[in-house]
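Participant: Got a structure here, written out as structure tokens. Questions coming.
The values are calculated or read from the model by the stated rules, or taken from the named source; none is laboratory data. Keep in mind that this is a model prediction, so the values were computed, not measured. Positions of Cβ are generated from backbone atoms using ideal geometry, with glycine treated the same way; all protein chains shown enter the neighbour counts.
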Amino acid sequence: MTSATRSATVSHVEEASGDTLAHRCHLNMVEAFASLPEHQPGGFVRRRDGIVVAATLSPIPLFNVVLPVAHRVEPAAFAAMGRMMAEHGLARSAQLRDGIDEALASVARDLGLEEVADASWPAMVRTPLPTEVALPHGFVVERATEAAGFDEHLRATGGDPRVTATWKGSGVLGDPRWMLFVGRADGVAVSKAMAFVEHGVVGIYDVSTRADVRRRGYGSAITEAALAAGRRAGCTVGTLQSSAMARRMYEAQGFRQLFRYRAFRG
């Protein structure tokens, strides 16, 4: 076996390994969250002892988060990073990997964080990625690249865009790792999604469809379009964290669960 063949074989084995694939997908989520504070006034990121703290200063706890990264994180180190976040007086959270970060659950509770069962998402993966996307009739997906497109993206599915902007700053448009998408039905913006590209993995985030036009295939279509864009950017793996409502849709698209996140909020 040649050196090149051995290298290709090792790469293939590592790609197929559940642990390796799970870690790559977890790193995509960590780096996606860690990229957001730089686009918010006063936002900050701290990295220490295999832990990342990413704080956008948003009133939404999810976007001020403590994330274990290493396979084994010392509880004392996790507690120290959690206290640092608490000292800023932020609505805050932690995302722990079920089966890996078990020793940190009691620490999170000691920090005043409560486990939220309905926010404990499965981390899902899909490979290979799509090359072509069949869109529902009258539905188109476009990438937002300018200020007007960013504003349309924020407003596409309802909610207060000012609150969304507290974690999703317009600076993401200039971040080469992020791609923002808007889905339009008959010319009207009705869905949105984000894709984060890092080390060959495309993470799909913030997929949503306007409530009055759900169950028409728009959510799956914009997800497929984001995955295909990730493939064109050189990615071979797609990942996302699914809500209970969307899980069946993602499974129908070929995603499978790798592990679960346990969500803690405070």
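Participant: Yes or no: segment 146-159 includes at least one residue that is touching a Phe, Trp or Tyr at 6+ places or on another chain (Cβ under 9 Å), outside the structural domain of residue 93 (by TED's automatic domain parsing) and of a type in the set (Lys, Arg).
Facilitator: No, there is no match, as no residue in segment 146-159 is touching a Phe, Trp or Tyr at 6+ places or on another chain (Cβ under 9 Å), outside the structural domain of residue 93 (by TED's automatic domain parsing) and of a type in the set (Lys, Arg).
Participant: So, one more: Condition first: in contact with a strand residue (DSSP E or B) (Cβ under 7 Å, 6 or more places away or on another chain), over 19 Å from residue 43 (Cβ atoms) and hydrophobic (A, V, I, L, M, F, W, C). Now tell me which residues in segment 144-191 satisfy that.
Facilitator: 144, 156, 179, 181, 182, 185, 189, 190, listed by residue number.
Participant: In addition: Which of the residues spanning segment 244-256 are surrounded by 15 or more Cβ atoms within 10 Å (Cβ to Cβ) and not in a helix (DSSP H, G or I)?
Facilitator: Once the filter is applied, which keeps residues that are surrounded by 15 or more Cβ atoms within 10 Å (Cβ to Cβ) and not in a helix (DSSP H, G or I), segment 244-256 yields 246, 253, 254, 255.
Participant: Return the residue satisfying two criteria in turn: it lies in segment 100-126 and is in a loop (DSSP other than H, G, I, E, B) and surrounded by 17 or more Cβ atoms within 10 Å (Cβ to Cβ), and of such residues it is nearest to the chain's Cα centre (by Cα).
Facilitator: 121
Participant: Looking only at segment 179-204, count every residue that is of a type outside the set (Gly, Ala, Ser), touching a residue at least 60 places away in the same chain (Cβ under 8 Å) and surrounded by fewer than 20 Cβ atoms within 10 Å (Cβ to Cβ) and tell me the total.
Facilitator: Residues of segment 179-204 that are of a type outside the set (Gly, Ala, Ser), as a first pass: 179-182, 184, 186, 188, 190, 192, 194, 196-199, 201-202, 204.
Of the ones still in play, those that are also touching a residue at least 60 places away in the same chain (Cβ under 8 Å) are 196, 198-199, 201-202.
With the extra rule that they be surrounded by fewer than 20 Cβ atoms within 10 Å (Cβ to Cβ), the set shrinks to 198-199.
So the answer is 2.
Participant: Let me ask something additional. Within segment 67-99, can you find the residues that are within 21 Å of residue 258 (Cα to Cα) and not in a loop (DSSP other than H, G, I, E, B)?
Facilitator: 67, 68, 94, 95, 96, 97
Participant: Only one of these is touching a residue at least 12 places away in the same chain (Cβ under 8 Å) and more than 18 Å from residue 206 (Cα to Cα): 74, 87. Name it. Break it down stepwise before answering.
Facilitator: Details: 87 fails: touching a residue at least 12 places away in the same chain (Cβ under 8 Å).
Selected residue: 74, the only one of 74, 87 that is touching a residue at least 12 places away in the same chain (Cβ under 8 Å) and more than 18 Å from residue 206 (Cα to Cα).
Participant: Being assigned to a helix (DSSP H, G or I) and of a type in the set (Asp, Glu) is the filter; apply it to segment 172-230 and report the residue that is farthest from the chain's Cα centre (by Cα). Break it down stepwise before answering.
Facilitator: We begin by selecting, within segment 172-230, every residue assigned to a helix (DSSP H, G or I); these are 172-174, 211-213, 218-230.
With of a type in the set (Asp, Glu) added as a condition, the list becomes 212, 224.
Working: 212: 25, 224: 15 Å.
The qualifying residue farthest from the chain's Cα centre (by Cα) is 212.
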